[in-house]
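Trainee: Input: one structure, supplied below.
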Amino acid sequence: MRTFYKNNNGLIATTEWTPNCWINIECPTEAEKKYLLEDLQIPEAFYNDIEDIDERPRIEIENGWTLIIMRIPVKSNDVKLPFHTIPVGVVFKGEVCITISFHKTEMLTDFVTYTKRKNINIKDNFDLVLKLLLSSSVWFLKYLKQVNQKIKLAEDNLEKSIKNEELQALLQIEKCLVLFMTSLKGNDILLHRIKNIKSQKEHFDLDLLEDELRQAQETTNIYSDILTGTMDAYASVISNNMNTIMKQMTSISIILMIPTLIASLYGMNVPNDLEDNRYGIWIVISVSVLLSSFGVFLFKRKRWF
């Protein structure tokens, strides 16, 4: 989908391209690919790099075109990976500025709405990149809050019943946090490279962007540490429960073995002074019950039951 935005106290959608407007293309079709490569003549290598889902944040210049790739968070329909990150490329040269994304995102739509609500003007292409980076940091924090809710839900489920499904849910959340952490580090490196362009310091609050990125990174690290500690704690609980069960099973086996051993000894076809005793069977049963009761008392004292 191709959309044109002109800068007029916020980004306003237009039906056609005008100089210095922003062209936003999401999930490009073959016609839009042809428009980018043949009409606008952006380098094909730039297009292919943005299409790569694992592309890292970076800056590249070729034939007068500048490519800036950042990573932004998105919500996934995949139950096994509810959140992940995707590359978004900003390609510009002269009066042409294009953002390309191969996935639908909430962030870009929200960014346009935010500029309208706050009457924000985009001064130039680098200013657009920095504001998009700031918006991505805000969305990282927004999704991290949802990740935290999923962690709490998984913990509540684990308190009720420790099953593989609950532990797998925590592992899936941990994957999301690893992806967030990697992407935030890449965006942070990208920001420091942009900071080397001195002219940008004149009209953009880089400290604000740094603070947002740092907060998102620290929040991700905190949640990751909490999640790691939680998983270690529940792994210990599972191991401890297994040890308790094994103790109980061993105790029961020993107690049941006592009457079996006595019955085996007195069941042999050899003289034992009880073969002619009318109360022999009751004596054997009484001794078995007495020794088994002593065994139960002993194991209870050692808290094996």
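Trainee: Tally Lys/Arg at +1 and Asp/Glu at -1 over every other residue whose Cβ is under 15 Å from the Cβ of residue 247; what's the total?
Mentor: Counting the neighbours of residue 247, the net charge comes to +4.
Trainee: Okay, next question. What does the net charge come to around residue 38 if you take all other residues with beta carbon closer than 15 Å to its beta carbon, with K and R at +1 and D and E at -1?
Mentor: With Lys, Arg at +1 and Asp, Glu at -1, the neighbours total -1.
Trainee: Can you compute the helix-only [θ] at 222 nm over the chain? Use -39500 (n - 2.57) per DSSP H run of at least 4 residues, normalise by all residues, nearest 500 deg cm²/dmol.
Mentor: After summing the helix terms and dividing by residue count, I get -20500 deg cm²/dmol.
Trainee: Another question, then. Within a Cβ distance under 12 Å of residue 120, other residues only, what is the Lys/Arg minus Asp/Glu net charge?
Mentor: Spelling it out: positives minus negatives among the neighbours equals +4.
Trainee: Which angle from 0 to 90°, rounded to the nearest 10, does the C-alpha axis of helix 164-195 make with the longest principal axis of the chain?
Mentor: 30 degrees
Trainee: In addition: Nearest 10 degrees is fine. How inclined is helix 206-266 to the longest principal axis of the chain, computing both from alpha carbons?
Mentor: Result, in degrees: 20.
Trainee: Turning to a different aspect of this structure: So which lysines pass the test for residue 300, namely a Cα distance under 29 Å, with those fewer than 8 places away in the same chain ruled out?
Mentor: Here the lysines satisfying the reach criterion relative to residue 300 are 160, 163, 247.
Trainee: Between 121, 24, 243, where does the largest GNM mean-square fluctuation fall for the chain, given springs only between Cα atoms within less than 10 Å?
Mentor: 243
Trainee: At 4 °C and 1.567 mPa s, what whole-number value in µm²/s does Stokes-Einstein give for the translational diffusion of the chain, with Rh from the Kirkwood sum over Cα pairs?
Mentor: Approximately 53 µm²/s, per Stokes-Einstein.
Trainee: When only C-alpha pairs under 8 Å and at least 6 residues apart count, what is the relative contact order of the chain, in percent?
Mentor: Taking the mean separation of contacting Cα pairs over the length of the chain, I get 15 percent.
Trainee: Considering only 170, 179, 256, give the residue with the highest GNM mean-square fluctuation for the chain, with springs between Cα atoms whenever their separation is below 10 Å.
Mentor: Maximum among the listed residues: 256.
Trainee: Carbon-plus-sulfur fraction of the accessible area of region 31-174, 1.4 Å probe, in percent?
Mentor: 46 percent
Trainee: While we're looking at this one, here's another question. Over 26 Å between Cα atoms: which of 104/195; 150/185; 104/145; 34/116; 33/80; 118/150 fall into that group?
Mentor: Too far apart for the 26 Å limit: 104/195; 34/116; 33/80; 118/150.
Trainee: Moving to a separate point now. Please build a GNM for the chain, connecting alpha carbons under 10 Å apart, and tell me which residue among 258, 86, 245 fluctuates the most.
Mentor: Residue with maximal mean-square fluctuation among 258, 86, 245: 258.
Trainee: Sorted by mean Cβ packing within 10 Å, highest first, what order do the peptides 57-64, 188-195 take?
Mentor: Highest to lowest by the protection proxy: 188-195, 57-64.
Trainee: So with the 1.4 Å probe, I'd like the accessible area per residue for the chain, rounded to whole Å².
Mentor: Accessible surface, normalised per residue, equals 58 Å².
The values are calculated or read from the model by the stated rules, or taken from the named source; none is laboratory data. Everything numeric here is computed off the predicted structure, so don't read it as measured data. Heads up, the Cβs are rebuilt from the backbone with ideal geometry, glycines too, and the neighbour counts pull from every protein chain shown. Keep in mind that these areas ignore ligands, DNA and RNA; they rest on the heavy atoms of the full protein, side chains included. Shrake-Rupley method; radii C 1.70, N 1.55, O 1.52, S 1.80 Å.
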